[in-house]
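So the structure is just underneath, and the comments pick up after that.
The values are calculated or read from the model by the stated rules, or taken from the named source; none is laboratory data. None of these values were measured; they are calculated from a predicted model. Cβ placement follows ideal geometry from the backbone for every residue including glycine, while neighbour counts extend to all protein chains displayed. With ligands, DNA and RNA removed, areas are computed over all heavy atoms of the protein, side chains included. Shrake-Rupley method; radii C 1.70, N 1.55, O 1.52, S 1.80 Å.
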Amino acid sequence: MRVLIVEDEFTSRKLLWALLADFGECDMARDGLECVDMFRSALDRGERYDLVCMDIMMPNMDGHQALKEIRAIEHEAGILPPGETKVIMVTALNDPKTVVRAYYKGGAAAYLPKPIEVESLHAILRDLGLIE
């Protein structure tokens, strides 16, 4: 599995890497702009990401906008649901408006609140068919 971790906070980025590294190759981005560039480059090389774990509140480009850009890149490449990259939105924001925006407007596959619980992350990965 190829994973792109997108998180502006160093500690959260390293935590996600530690939790996901056993399941596959992990790349890391510090904000939405870097995420979109890395996503596009990987797709151009034929090395698609299976999973993107992305914070919502980030500088330069937030997670909602980055997800919108990712979906546009996939659409241009002819990648449509259900073949899209699975995206888990990770955030301290736990209000219904944020969740609705991530799922229904952005096309996120799951929503994981901070602080991250290992069991919750593993359950989401299993539900998405990314691990057994």
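Structure summary
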quantity	calculated
Single residue of region 55-78 satisfying the filter (in contact with a Ser or Thr (Cβ under 8 Å, 6 or more places away or on another chain) and assigned to a loop (DSSP other than H, G, I, E, B)) that is farthest from Leu4 (Cα to Cα)	Met57
Residue in region 116-127 that is under 22 Å from Lys68 (Cβ atoms), of a type in the set (A, V, I, L, M, F, W, C) and modelled with pLDDT of 70 or more present	yes
Scan of region 56-72 for residues that are open to solvent by less than 10 Å² (accessible area, probe 1.4 Å) and either of a type in the set (Gly, Ala, Ser) or in contact with a helix residue (DSSP H, G or I) (Cβ under 6 Å, 6 or more places away or on another chain) (or both), ordered by number	Ile56, Gly63, Ala66, Ile70
Where a residue in region 8-21 is aliphatic (A, V, I, L, M) and its partner, wherever it lies, is open to solvent by 30 Å² or more (accessible area, probe 1.4 Å) and assigned to a helix (DSSP H, G or I), with Cβ under 8 Å and at least six apart	Leu19/Val118
When residues of region 79-101 are limited to those that are assigned to a helix (DSSP H, G or I) and over 17 Å from Leu121 (Cα atoms), the one modelled with the highest pLDDT	Lys97
